[in-house]
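Read the structure below first, then the notes.
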Amino acid sequence: MPSFQTRLKITGLKPGTPPEAVMAAAIEALGTRHHVESHQLELAGGVPQLNLRFLVDATAYSAENSQALESAAMMRDAVEQVALTGTLTVLRRSRGRWAPV
């Protein structure tokens, strides 16, 4: 199964939202379509960033990429219910490296 990663910058929380609700929303949304392998929060240039790795069912290369992009957009929509977001990046694991989709 192809492995993908999303990186979503978080620029703020919506009023009354606890910080842990952001990652929970991301995992729940992505988990409805794919197996989430791992998740973490890190600082990228001083800005919080959610990193989630997930698997896509093997089909055609372009179809896998499209599915990953659609799922990442769906995840971002869910996170935007509880937080303000910035840049979303989707990467695909290929030959031991992460490459932008």
So is V56 β-branched (V, I, T) and touching a residue at least 60 places away in the same chain (Cβ under 8 Å) or not?
no
From the list A26, A68, pick out the single residue that is in contact (Cβ under 8 Å) with a residue 60 or more places away in the chain and part of a helix (DSSP H, G or I).
A68
Scan the range 72-89 and report the pairs whose first residue is in a loop (DSSP other than H, G, I, E, B) and whose second residue is among the aliphatic types (A, V, I, L, M) and modelled with pLDDT of 95 or more, with Cβ atoms within less than 8 Å and a gap of 6+ or a chain change.
Q81/A25; V82/L13; V82/A21; V82/V22; V82/A25
Residue that is farthest from Q5 (Cα to Cα), among those in the range 75-101 that are surrounded by fewer than 14 Cβ atoms within 10 Å (Cβ to Cβ) and in contact with a helix residue (DSSP H, G or I) (Cβ under 8 Å, 6 or more places away or on another chain):
Q81
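Yes or no, residue by residue, for (1) touching a His at 6+ places or on another chain (Cβ under 9 Å); (2) of a type in the set (A, V, I, L, M):
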site: M1; (1), (2): yes, yes
site: I10; (1), (2): no, yes
site: H34; (1), (2): no, no
site: G46; (1), (2): no, no
site: Q81; (1), (2): no, no
How many residues of the range 20-35 are surrounded by 15 or more Cβ atoms within 10 Å (Cβ to Cβ) and among the charged types (D, E, K, R)? The answer is 1
For the range 1-29, what are the residues that are closer than 24 Å to R95 by Cβ, under 11 Å from the mean Cα position of the chain (by Cα) and not basic (K, R)?
F4, Q5, T6
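The values are calculated or read from the model by the stated rules, or taken from the named source; none is laboratory data. Predicted model, so just to flag it, every value in this text is computed and none were measured. Counting neighbours? That spans all protein chains shown, and the Cβs are built from the backbone with ideal geometry, glycine included.
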